[in-house]
């Protein structure tokens, strides 16, 4: 997992990806969480790897008390600024590594978006057990999972990001998305992330001994590579990610 800090730091350096304001996409994700977890009243939420806190702040603005943890200092600083601008709820920012930081079992909901699959299957198993230990007895978990079938089809695709280039590859043995970024003027300096993708059946086996079980699946969006556009809604078989709702077994 040595690549993590360097890769996400470069995304901030080149595009400020995690350093901006709350956008419509973050509000939509917050409402997705609200609906998928069937939230009827104010609760305590923890978001892992929360970047600049945009989604965490959007969830707080729905009236919830949100805690987030983020590895990068510059992203955590951005979240601190957003926390001061909230209209509702509250946002507490922790700068640290969620594989090492210990929370109390006080959360009604724990969320993890975008980057589940860092490290090995064993790393994921460790994390899932930690997540379960931070939940209240009737707590819920929402995780966004990379869809194996989509990223296997996306192998070889290249995208011009208007400032940087991005290409996708897929390791079929490890079932991993390899996502590479570089600047056109410096094509030999490449930064990559490697994320383990899971089918729902793979995920079910991963959850063994975690104390968590699958309650519901919801497909995420997809990329139409013909027109190079993100499509917000898709069927599960076409989705680039899916959201899984977990509960205590």
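What follows is calculated from the coordinates using simple rules that are stated; it is not laboratory data. Computed from a predicted structure; not experimentally measured. Glycine gets a Cβ as well: all are built from the backbone with ideal geometry, and neighbour counts include every protein chain shown.
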ask   = Taking square-rooted eigenvalues a ≥ b ≥ c of the alpha carbon gyration tensor, is region 56-95 rounded, prolate or oblate, where a/c under 1.5 means rounded and, failing that, a/b exceeding b/c means prolate?
value = prolate
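State the Kirkwood hydrodynamic radius of region 84-224 in Å, one decimal place, computed from all pairs of distinct Cα atoms. Before the final figure, lay out the partial values.
Details: mean 1/r = 0.0576 Å⁻¹.
By the Kirkwood definition, the hydrodynamic radius is 17.4 Å.
By per-residue mean of other Cβ atoms within 10 Å, what is the highest-first order of 136-149, 51-64, 155-168?
51-64, 136-149, 155-168
Show me the ranking of peptides 74-80, 97-103 by mean Cβ neighbours inside 10 Å, starting with the highest.
Values: 74-80: 20.3, 97-103: 13.9.
Result, highest mean Cβ count within 10 Å first: 74-80, 97-103.
Starting with the fewest neighbours, write out 178, 45, 213 ranked by other beta-carbon atoms found within 10 Å of each beta-carbon.
Working: 178 16, 45 27, 213 11.
In increasing order of surrounding Cβ atoms, one gets 213, 178, 45.
Quick one: if you take sqrt(5λ) for each eigenvalue of the C-alpha gyration tensor of region 152-191, what semi-axes come out, biggest first, whole angstrom? Mind showing how you got there, number by number?
Working: eigenvalues 90, 23, 7 Å².
The equivalent ellipsoid of region 152-191 has semi-axes of 21, 11, 6 Å.
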task = Would you mind checking the radius of gyration and Dmax of region 68-118 based on alpha-carbon positions, in Å?
result = 12.0, 34
query = By count of other Cβ within 10 Å, fewest leading, how are 26, 73 ordered?
reply = 73, 26
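Rg to Rh ratio, the chain, alpha-carbon atoms and Kirkwood radius? Don't jump to the answer; show the numbers that get you there.
On the way: Rg = 17.5 Å, Rh = 18.6 Å.
That ratio is 0.94, to two decimals.
What does the convex hull of the Cα atoms come to per residue for region 181-222, in Å³?
117 Å³
Show me the ranking of peptides 86-94, 194-202 by mean Cβ neighbours inside 10 Å, starting with the highest. All intermediate terms of the calculation are to be shown ahead of the outcome.
Working: 86-94: 16.1, 194-202: 17.7.
Top to bottom by mean Cβ count within 10 Å: 194-202, 86-94.
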key: Cα-based Rg and Dmax for region 21-134, where Dmax is the largest Cα-Cα distance (Å)   = 13.4, 40
task = Can you give me the three principal axis dimensions of region 165-249 from its C-alpha atoms, in Å, biggest first?
result = 52, 28, 19
Taking 177, 72 and counting other C-beta atoms within 10 Å, the order from fewest to most = 72, 177
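So for region 127-174, what percent of the C-alpha to C-alpha distances run longer than 14 Å? Before the final figure, lay out each step's value.
Details: 755 of 1128 pairs.
Cα-Cα pairs of region 127-174 separated by over 14 Å account for 67 percent.
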